[in-house]
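The values are calculated or read from the model by the stated rules, or taken from the named source; none is laboratory data. Being a predicted model, the structure only gives us computed values, none of them experimental. Heads up, the Cβs are rebuilt from the backbone with ideal geometry, glycines too, and the neighbour counts pull from every protein chain shown. Side chains included, ligands, DNA and RNA excluded: accessible areas come from the protein's heavy atoms. Shrake-Rupley method; radii C 1.70, N 1.55, O 1.52, S 1.80 Å.
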Amino acid sequence: MEQHKIFVFGIDQAGKTALISSIREDKLIQGTKPTLSFNITKLITKNIVFQIWDAPGQVSFRDVWIKGIKRAKINIFVLDVLDSPRFEEAKREFEKVLDNPLTRNVPFIFCFHKMDLLESQQNLKKARDFFQLSQIRHRKILSYETSIMKMESLRKFKSTLADIVLDIMW
Ligand SMILES: Nc1nc2c(ncn2[C@@H]2O[C@H](COP(=O)(O)OP(=O)(O)OP(=O)(O)O)[C@@H](O)[C@H]2O)c(=O)[nH]1
Ligand SMILES: [Mg+2]
């Protein structure tokens, strides 16, 4: 059966591994360690098989992202909304991938992540203003508010992945 590759990226500590693990295991996963090379795992939803490439976010490992970008059907960017001092760095990395010609026809999902603390809501506005997603033309970019503490939102997110691929296929 065909496996649809998903590239998950963002700077270190954004919450990529916790997010993907919690979606896959359908429960809250905490205590993740920094990712040192791609975590490649399988996820099945609505009879569609995904191969998830969870990237290492630390600066010294970002060179390997290109391996994740190649042949990906969906790119998922994870932003830690709580970490506003690093929005600029995060945006730079987001735009690098967005500007890579290999991603030209690939839909993006932008996760405003860690939406579970008091500061999350305030920071969300800051993040939306900073990233200006609506200004990005000619690209399919969906945005979601996610949190590993909110299982319901993760289940919805998971089913959306299948919908996106179905849209691509038909
Ligand atoms: N409050 C809150 N914390 C989260 C959430 N998701 C992840 N975290 C925490 O954020 C920290 C970093 O999570 P990771 O998933 O390891 O981050 P990462 O993006 O994979 O980092 P690298 O592998 O270094 O690129 C951990 O302490 C997680 O428990 C969330 O939704 N809410
Ligand atoms: Mg990780």
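Residues to consider are Val81, Val97, Val59; find the one that is in contact with a helix residue (DSSP H, G or I) (Cβ under 8 Å, 6 or more places away or on another chain), within 16 Å of ligand 1 (Cβ to nearest atom) and over 28 Å from Leu166 (Cα atoms).
Residue meeting the stated conditions: Val81.
Note down all Cβ pairs under 8 Å where the first residue falls in segment 25-37 and is away from ligand 2 (no atom under 15 Å from the Cβ), the second is of a type in the set (Val, Ile, Thr), and they're at least six residues apart or on different chains.
Listed by first residue and then by second, the contacts come to Leu28/Ile148.
Only one of (1) within 16 Å of ligand 2 (Cβ to nearest atom); (2) among the β-branched types (Val, Ile, Thr); (3) touching a helix residue (DSSP H, G or I) at 6+ places or on another chain (Cβ under 9 Å) fails for Val64. Which number is that?
In the conditions (1) within 16 Å of ligand 2 (Cβ to nearest atom); (2) among the β-branched types (Val, Ile, Thr); (3) touching a helix residue (DSSP H, G or I) at 6+ places or on another chain (Cβ under 9 Å), Val64 misses (3) alone.
Tell me which residues, restricted to segment 45-63, are open to solvent by 50 Å² or more (accessible area, probe 1.4 Å) and at pLDDT 95 or above.
Result: Gln51, Gln58, Val59, Ser60, Phe61, Asp63.
Would you mind stating whether Asp12 is among the acidic types (Asp, Glu) and within 11 Å of ligand 1 (Cβ to nearest atom)?
Considered against the rule, which asks whether it is among the acidic types (Asp, Glu) and within 11 Å of ligand 1 (Cβ to nearest atom), Asp12 comes out as yes.
Quick one: would you say Lys158 is in a helix (DSSP H, G or I) and either without any contact (Cβ under 8 Å) to a residue 24 or more places away in the chain or acidic (Asp, Glu) (or both)?
It is false that Lys158 is in a helix (DSSP H, G or I) and either without any contact (Cβ under 8 Å) to a residue 24 or more places away in the chain or acidic (Asp, Glu) (or both).
With (1) more than 15 Å from Ile6 (Cβ to Cβ); (2) touching a residue at least 40 places away in the same chain (Cβ under 8 Å) as the list, and Phe77 as the residue in question, which single condition is left unmet?
Here Phe77 meets the rest and fails (1).
Restricting to segment 3-17, and then to whatever is charged (D, E, K, R) and touching a strand residue (DSSP E or B) at 6+ places or on another chain (Cβ under 6 Å), can you tell me which residue is surrounded by the fewest Cβ atoms within 10 Å (Cβ to Cβ)?
Top of the filtered list is Lys5.
Return the residues of segment 122-159 that are over 30 Å from Asn47 (Cβ atoms) and either among the charged types (D, E, K, R) or open to solvent by 50 Å² or more (accessible area, probe 1.4 Å) (or both); say none if nothing qualifies.
Gln122, Lys125, Lys126, Arg128, Asp129, Phe130, Gln132, Ser134, Gln135, Arg137, His138
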